[in-house]
Amino acid sequence: MTDPKIEPQHASEGTEDDFFDDLQAGWAKLEAERRQTPEHRVNNMEYDMSQAEWFVSRVRGSDAYAQNLYAALCNNTFQKQDVWLILKDSYWSCTWRSAGGIVADLQDRGGDYMDWYCSGIGDGLGNGDTDGTRNFVSEGTVTDEIAADLALLGWRVADEPDSA
């Protein structure tokens, strides 16, 4: 007769992975709470994109559009077309990692920033668009379509603000 085995609930039960799962869940809760604050909604292009159903639909409907949005968010600074924010010289920008996360969140497919991070580097270095058939563009490129859609949301690509 063999001894019965007690199987864990999941492969990482009782390991350090539990700690990281709890940490990730806690971070997700804090992030969800932060996104509900009034401050999150002011001068925040991410928020404005997420609130426009037509915009979210475009991101979800086309990987090329999603990648082009990711590329536009990288290495660019944006300004909301609001008189007060322009007078205050206020801008919005994000990191490449954040850009990937924003697009993944808008797509709502359960992915994360790595689904888009460095997707525009081309030449077989990760994006799988070596022949250009997927219509991906390099980081920092703002296509006319993305620029027009951001303008409809009240945003424009701004010249880099002076650092002096």
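Structure values in brief
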quantity	calculated
Net charge, Trp155 excluded, C-beta distance under 10 Å - Lys, Arg +1, Asp, Glu -1	-1
By accessible area with a 1.4 Å probe, ligands and nucleic acids excluded, highest first: order of Trp155, Trp84, Trp92	Trp84, Trp92, Trp155
Surface accessible to a 1.4 Å probe, Tyr113 within the full protein complex, Å²	60
The range 69-124 shape via C-alpha gyration tensor axes, a/c threshold 1.5	prolate
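The values are calculated or read from the model by the stated rules, or taken from the named source; none is laboratory data. Everything quoted here is computed from the prediction, not taken from an experiment. Heads up, the Cβs are rebuilt from the backbone with ideal geometry, glycines too, and the neighbour counts pull from every protein chain shown. Just so you know, the surface numbers come from the protein's heavy atoms only, side chains and all, with ligands and any DNA or RNA stripped out. Shrake-Rupley method; radii C 1.70, N 1.55, O 1.52, S 1.80 Å.
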